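These notes concern the structure reproduced below.
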Amino acid sequence: MIDINTLTVFLGWCSVINIGVLLFSTIMLVLMKGPISRIHSKLFSVRQDDIVPVYFQYLGSYKIAIFIFNLVPYIALKVMT
C-alpha cells in the first residue's frame, strides 16, 4: 500500500516530467514546424496545411490531460497534508 506522502511525491514528479515533455514538444513544433509537418504529411498521407490544427489539438489535449491526471491530484494531496 502506498502512503499519501509517496503518492504526492510521485504525482509531483509525474507533473514535472509531463510538463517537460509538453514544453519540449511545443518548442520543437515552433522551431521545426516545416520539417516536422513535411515528415508527418508524408507519413500519414495528409496535406501539410491540415496537420497544423492537429498539432494544436495534440498540445491542447496533452495539456488538459496533465492538469486532470497530474496537477489537480497533486495539489489536492498537498492541501490535505
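Read-outs throughout are calculated quantities, based only on the coordinates presented, and are distinct from any laboratory measurement. Note that the coordinates shown come from a computational prediction; the quantities given were computed from them, not determined experimentally. Positions of Cβ are backbone-derived with ideal geometry, glycine not excepted, and every protein chain shown enters the neighbour counts.
Details
- Test: residue in the stretch 22-38 that is closer than 30 Å to residue 3 by Cα and in a helix (DSSP H, G or I): yes
- Scan of the stretch 13-52 for residues that are more than 26 Å from residue 75 (Cα to Cα), under 14 Å from the mean Cα position of the chain (by Cα) and free of Cβ contacts under 8 Å to residues at least 24 places away in the same chain, ordered by number: 27, 28
- Filter result for residue 55 (within 26 Å of residue 2 (Cα to Cα), touching a residue at least 24 places away in the same chain (Cβ under 8 Å) and in contact with a helix residue (DSSP H, G or I) (Cβ under 9 Å, 6 or more places away or on another chain)): no
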